[in-house]
Amino acid sequence: MDNDYFWISVSKDDVPDLLRLSGYVYAGAPITIMETDEKMPEISSTTLELKTKLTEVLAKRYNPEQRLLDLSALGADEILRNMDVFSQGSRAEKAFRALLRVATEQYKTAEEKNEAFQAVSIARNDINDVGQVFQLAIDLPGLKRLDLSGNNLDTLAKMSKWRHRFKNLEELHLVGNPVTTVQDCTSELLKWFPSLQNLNGQQVRTPQEVAESLKALQPTPIPQLPSNLRDGDNNVAPAFLQAFFPMFDTERDRLVSEFYDDDSWFSISVMPGSGRSLPWKSYMKFSRNIQKIGSRSSATQQRLFTGGSLIADLWKALPPTRHPGMDQPGQWLIDCHTFPHLADPSGQGFAMGLIIIVQGQFEEADLSVNLFGTRTFSRTFILGPSKPNNPPPQHPYRVISDQLTLHNWTPAPTPTPASTLAQQQAAAPVATAAVASQVNPVLAVQVAIPDEALKAQLVQELSKLTGMTAEYSELCLAGAANWNFELALKSFEDQKANLPASAFISAA
């Protein structure tokens, strides 16, 4: 502090963020933030004097052999009493924070602090709520021994602010506090402090029990099961998936009517990332990704589409897709497990369902903006028994929840020996060979061949973007790209220097 100014030293990278706060109003007054090359003022004589006195107090109260900081009975300390810093509660709290700051500021890392301070006593300080000395848990969270004896803590609620704060605390003293007479005090403190072994001089937990307590705090990883289908002997999951994806590509209205009802849920989450990507405009306004729309936004609920008719209307607004056939196992990763305790729609207790997780990729053709390409997706279905009154065609199961997550797709390069590539180039005297056989060495996505109408659209779009004739555009698409528009476009970009003039539409 320097009069009305507060000086701070920050890294250059943080300067722009801080300058943007200039002009904000705090406590009714506008704040002005400026960058300066002036030297920061020295510590004022008053501040320096205060720090010197606190250092003198701490010098008498630190035991390096026991690594003990003794802050007990601070109100009786002669230096502090002459400073009149413990005459009022608010001033006493500030003085306590200042003492901790001076005591710990010379240690730069948590490890150094833990090594220097393993025990603290704040006994006999008239503490009636640990909030008054809460700073201790922030500055010295690694304490092993803590003495709170002779204070006025009368309920566990007055100690709850420190709940789960001291993970390494092994010894705690509360003698002389009314809280020790509270029922279940010991059991609660054992829950709060997982390493606690000694309470008020009595062993309350063995080292082995401490190890188990700490182990219980560690998160249990979700078991990673191999990709498989576990739906009993009914073959429900394969039958559903083999019907679902072809119908999603060609008959979305019929798909909804057969497998979704008024209580079915559907949502989309868009996860843009690095790599070659289609625009996300067609999906973004429907995306339920919490990180993108804000966890408190009303859109979080609005973008959960409930009911077959609403889902059908949404699907009409999404671009056409083409998924690989289910007979291409290399293009799919599928898990299916039973999902118990679903509400039985007949009202007869609970029913068994299925959770199916599918990961793969699909071709997309957004005809509204003439964009074609590939997306990676994951889709999670929860299937449950159909309602007795669902209209035909009635399957024995329905989609309760359908969550679609979309990601960027980036082609993976296929290793090609330099000698092989050189032989290919040497054997390509005409453009046909250059386009059809020298497609960029990228692993082609094996998908079902499009129908003739979509082929024509792809040829027309590639010709428009590249300037190639329809003949050469078709050669490029039908070659190693296997009608993958994005691979064909990349192939053209890599090989266009090798193409003859006849491969392009004349300017005339």
- request: With label points built 7 Å along Cα→Cβ from the Cα atoms of Met352 and Leu217, find their separation and express it in nm.
  value: 4.1
- request: Would you mind ranking His341, His323, His173 so that the residue whose beta carbon has the fewest other beta carbons within 10 Å leads the list?
  value: His341, His173, His323
message: On a full-extension model of 0.36 nm per residue, what is the gain between Thr181 and Glu493, subtracting their alpha-carbon distance, rounded to one decimal in nm?
response: 104.3 nm
- request: Would you mind ranking His164, His337 so that the residue whose beta carbon has the fewest other beta carbons within 10 Å leads the list?
  value: His164, His337
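Assuming 0.36 nm per residue, please report the length gained on full extension of the stretch Thr469 to Lys94 beyond their Cα-Cα distance.
Roughly 127.0 nm would be gained on extension.
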FRET efficiency for Glu112 and Thr55, using Cβ-Cβ distance with R0 set to 22 Å, rounded to 0.05: 0.75
query: Can you list the HN-Hα couplings for the range 142-156, worked out from phi with the Karplus curve (6.51, -1.76, 1.60; θ = phi - 60°), rounded to whole Hz and with x for Gly and Pro?
result: x, 4, 9, 9, 9, 10, 10, 4, x, 9, 10, 6, 10, 9, 5
query: Per-residue HN-Hα couplings for the range 14-23, Karplus 6.51 cos²θ - 1.76 cosθ + 1.60 at θ = phi - 60°, whole Hz, x for Gly and Pro?
result: 8, 4, x, 5, 6, 5, 5, 7, 4, x
- line: The answer for the net charge of residues other than Arg163 whose Cβ lies under 12 angstrom from its Cβ, with Lys and Arg +1 and Asp and Glu -1, is +4
query: How far apart, in nm, are two points set 7 Å out from the Cα along the Cα-to-Cβ line at Asn168 and at Ile8?
result: 2.9
task: Sequence neighbours fewer than 8 away in the same chain don't count; with that in mind, list the aspartates and glutamates whose C-alpha is under 18 Å from Lys387.
output: Glu258, Asp261, Asp262, Asp263, Asp344, Asp402
- prompt: Cross-link list Lys161/Lys215; Lys144/Lys191; Lys161/Lys191; Lys51/Lys94; Lys167/Lys215: which exceed 19 angstrom alpha carbon to alpha carbon?
  reply: Lys161/Lys215
query: How big is the gap, in Å, between the Cα center of the range 125-145 and the Cα center of the range 303-358?
result: 52
message: Around Leu314, under 13 Å between beta carbons, what's the net of Lys plus Arg minus Asp minus Glu among the other residues?
response: +2
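Values quoted throughout were computed directly from the atomic coordinates according to the rules given, and no laboratory measurement underlies them. Everything numeric in this text was worked out from a predicted model, so none of it was measured. Here Cβ is always computed from backbone atoms with ideal geometry, including for glycine, and neighbour counts include all displayed protein chains.
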